[in-house]
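Novice: Here you go, one structure.
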Amino acid sequence: MALHVFATNAEADQHNSETLIAVGAPVFKIVAKDSSTDKQTGQLEAKKHVAGKKRTETGGLHEVLEVCVGAGTSVYNSCKLIF
């Protein structure tokens, strides 16, 4: 697998879409769900109004992850620490 470096997210997105199509397998779309832990109860709660957020508001993560069998994928864990 070769390293690809792009100047913009749009260029990277285009390359990734073309690569998925070239694999020739069905593409599955996984919709993101944003959540956080309630400070009082410790329970995980889904946040409302996730759709439409910019990547700068989601830690660089997409609203929809597109994958297919046979395509390489890198998943990074993104977290923000607040002290």
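Novice: Taking the condition of being assigned to a loop (DSSP other than H, G, I, E, B) and at pLDDT 65 or above, how many residues in region 56-83 meet it?
Specialist: So the answer is 13.
Novice: Give region 1-41 a look and list any residue that's assigned to a loop (DSSP other than H, G, I, E, B), β-branched (Val, Ile, Thr) and surrounded by 10 or more Cβ atoms within 10 Å (Cβ to Cβ), or say none.
Specialist: Selection gives Val27 alone.
Novice: Let me ask something else. In this structure, does Lys53 turn out to be part of a loop (DSSP other than H, G, I, E, B), under 16 Å from Asn9 (Cα atoms), modelled with pLDDT under 75 and not hydroxyl-bearing (Ser, Thr, Tyr)? Give the derivation first.
Specialist: Working: part of a loop (DSSP other than H, G, I, E, B): yes; under 16 Å from Asn9 (Cα atoms): yes; modelled with pLDDT under 75: yes; not hydroxyl-bearing (Ser, Thr, Tyr): yes.
Yes: the conditions hold for Lys53.
Novice: Take Val5 and tell me if it is within 14 Å of Leu65 (Cβ to Cβ), β-branched (Val, Ile, Thr) and either free of Cβ contacts under 8 Å to residues at least 24 places away in the same chain or in contact with a Leu (Cβ under 9 Å, 6 or more places away or on another chain) (or both).
Specialist: Judged against the criteria, Val5 is not a match.
The values are calculated or read from the model by the stated rules, or taken from the named source; none is laboratory data. Nothing here was measured: the structure is a model prediction, and the numbers come from that model. Here the Cβ is made from the backbone with ideal geometry for all residues, glycine too, and neighbour counts use every protein chain on show.
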